[in-house]
Amino acid sequence: MESFDAGYIGNELQFIGSRVKKPVSIYLIGGCAMAFRGLKEVTKDIDIVFRDKGDCEAFCDALFGAQYFEPIVITSEHKGLETIKIYENKDKFHLDLFVKRVCGKMVLSERMVKRAELYKKYGNLGVYLLAKEDVFLFKSLASEARKRDLGDMRVIYPNLDWGVIKEELSSQELSRNLIALVVRRLEEFRSVYDLGVPILNALKKMAGD
């Protein structure tokens, strides 16, 4: 699967933003947010979350005629994501679009929106980066098969506000199974990198362990 740097992604967002007909805000939750912060050189796709369906539709309208299309074949990397839409361009650059809820798991909460940082405006398109704590949390809820997310979590790890992560996870009203998934991922993270995870015991109680 191809990889893309911040310069390439910025150019694509500028092109798309020039076509967006009304003010739209998008929230970046994964490797792209890290790339724009200089924490990662390249990423394989861009995960975009919208606060509502109207913003998503306005964004998708801008893709028509912009050389983006919905792929006929969905790769194993993208199966089960429960996206609203998946688009790609001739370079195989993927846009994974979600409205409010990501992968059927965690929602883009108002607290996340308040913590998000405006990266840049491209025409009517406002691009926001989620806080490091929220990117870390989304990655901790990714599939256990996605081992590369552990490396991203290691990069994000320094100076995290663990209280923010615990408070957000508590307020999301996730099932015990999903909290248990976070616990397993954080235990694996701790084991691989020999780093402390101060909220792990509290999360185990939340999961019913």
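The values are calculated or read from the model by the stated rules, or taken from the named source; none is laboratory data. What you are looking at is a predicted structure, and each value in this text was computed from that prediction instead of being measured. As a convention, Cβ positions derive from the backbone with ideal geometry for all residues, glycine included, and neighbour counts pool all protein chains shown.
Selection over the stretch 82-97 of residues that are within 22 Å of Asp5 (Cβ to Cβ) and assigned to a loop (DSSP other than H, G, I, E, B) gives a count of 4.
Conditions (1) touching a Gly at 6+ places or on another chain (Cβ under 9 Å); (2) part of a loop (DSSP other than H, G, I, E, B); (3) buried (at least 20 other Cβ atoms within 10 Å of the Cβ); (4) modelled with pLDDT of 95 or more, marked per residue:
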site	(1), (2), (3), (4)
Gly10	no, no, no, yes
Leu13	no, no, yes, yes
Ala33	no, no, yes, yes
Glu77	no, yes, no, no
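When the stretch 116-130 is limited to residues that are part of a strand (DSSP E or B) and not hydroxyl-bearing (Ser, Thr, Tyr), the one that is surrounded by the fewest Cβ atoms within 10 Å (Cβ to Cβ) turns out to be Leu118.
If only one of Leu174, Leu150 is in contact with a strand residue (DSSP E or B) (Cβ under 9 Å, 6 or more places away or on another chain) and not in a strand (DSSP E or B), which one is it? The conditions single out Leu174. Within the stretch 98-108, at least one residue is in contact with a helix residue (DSSP H, G or I) (Cβ under 8 Å, 6 or more places away or on another chain) and in a loop (DSSP other than H, G, I, E, B).
For the stretch 43-62, the set of residues classified as closer than 19 Å to Ala131 by Cα, at pLDDT 95 or above and not in a loop (DSSP other than H, G, I, E, B) consists of Ile48, Val49, Phe50, listed by residue number.
There is no residue in the stretch 181-203 that is within 21 Å of the chain's Cα centre (by Cα), under 19 Å from Cys103 (Cα atoms) and part of a loop (DSSP other than H, G, I, E, B).
Pick from the stretch 15-31 the residues that are farther than 18 Å from Tyr87 by Cβ and in contact with a helix residue (DSSP H, G or I) (Cβ under 8 Å, 6 or more places away or on another chain): which of them is surrounded by the fewest Cβ atoms within 10 Å (Cβ to Cβ)? Across the stretch 15-31, the extreme among qualifying residues is Lys22.
Across the stretch 153-171, the qualifying residues are those that are assigned to a helix (DSSP H, G or I) and among the acidic types (Asp, Glu), and the one among them that is farthest from Glu110 (Cα to Cα) is Glu167. Counting only residues that are among the hydrophobic types (A, V, I, L, M, F, W, C), in contact with a Phe, Trp or Tyr (Cβ under 6 Å, 6 or more places away or on another chain) and closer than 15 Å to Leu137 by Cα, the stretch 24-44 holds 1 of them.
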